[in-house]
Amino acid sequence: MAEDFNGTPVNPGRHRARGAAGGRRRKGPSTRRRTVHYVVWTLAAVLVLGGAGLGYLYFKLNGNLTGVDVNAALGPDRPKNVDDGSMDILVLGSDSRAGKNAKYGTDEGTSRSDTAMIVHVYKGHKKASVVSIPRDTLVKRPSCAKGGQQTPAMREAMFNSAYEVGGPACTVKTIESMTGIRMDHFLEVDFSGFKQLINDLGGVNITTTASIHDKKSHLDLEAGPHTLDGEQALGLVRTRHGIGDGSDLGRIKLQQAFVKALLDQIKHVDLFGNPQKLYDLADTATKALTTDSDLASVNKLRGFAESLKGIGSGDMKMTTLPVQYDPQNPARVLPMERKAHLMWTALRNDQPIPASATKGSAGDATSAGKVVK
């Protein structure tokens, strides 16, 4: 069952969804789950920097990858592909408690995607916009199939329930229904893979401007510089009770600040001078990832990574879907229809997101992201 901002089980279907949009697409080259975006960009750096040095390991690394055929699952009823050189990627994290993830909660036999980021890479692949979708956003969820069972559409559903009822294909379908933008790719990662990746990297350097103490994420950091190991990094991207108003929106801003710190650090890792570190990173990253079938090989991932190598932390505009707190339930958020329309229209046309699309949004109003620099 889904949870509210305080971790309380709730019924995911209750309110009316706002702001679905139609349109064109282009084609180009939780407390617990906000991790996949960091893994994706780290993997991109690993594969690009490793280059041909990974050659003889490709066969083994290919065997690590898991692919899902989203195109076959969704069929032709999707936004139109428009080949203008830009690219849209749905980045997911799921909350399965099976296997090594059991320490983070009880395995209930299902998963939800509590991390969702739409990465729009602009034509020329020199800049990107990253839009986080809060897990507690109330949306119109389309009908989805999973394991031979068809789940009917729901007019008022929490966004993260889409993964639970229909896996990544249903999440892609929900995103495309909301935005009118066809997703070229999706990537997903888990907890244990993220932790190991950070450890293989040698930790991540951050500076906190305020102390963070959160018993639920097991994180205790005083204000000042830190080198976080994998467990601490996972605690940082999970924490919400130790920052801001304790909401999911504050946590999203903190994660966005963290990914920039991670990207900056990757630039300074000498992978050529340390073949073992290169292998460990590539092995961990490919084991951690589930991708669409079009990316489910090291060669394809390397090409994908090459297409992103010109984008640094300063070239990424990070924001959140414009939302407002639901007046009937402050543990839920509602899309701000007109502002969301401005955002999706800009991305469909490969344009920067206008400031007016996020001004006044509850997601961009929080100052929690300033805790990390």
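None of the figures in this text is laboratory data; all of them are computed from the coordinates on show. In this text, all values refer to a predicted model and were calculated from it rather than measured experimentally. Cβ sites come from the backbone with ideal geometry, for glycine too, and all protein chains shown count toward neighbours.
Observations
- Most tightly packed first, judged by the mean number of other beta-carbon atoms within 10 Å of their residues, the peptides 354-361, 155-162 read 155-162, 354-361.
- Cα-Cα P(r), region 127-264, percent of pairs per 5 Å interval: 2, 9, 15, 18, 17, 14, 12, 9, 4, 1, 0
- Mean Cβ count within 10 Å, highest first, over the residues of peptides 172-182, 137-147: 172-182, 137-147
- At an R0 of 45 angstrom, the distance between the Cβ atoms of ALA331 and GLN276 translates into a FRET efficiency of 0.45.
- Taking the Cα centre of region 254-373 as reference, the dipole from Cβ charges on Lys and Arg (+1) and Asp and Glu (-1) amounts to some 300 debye.
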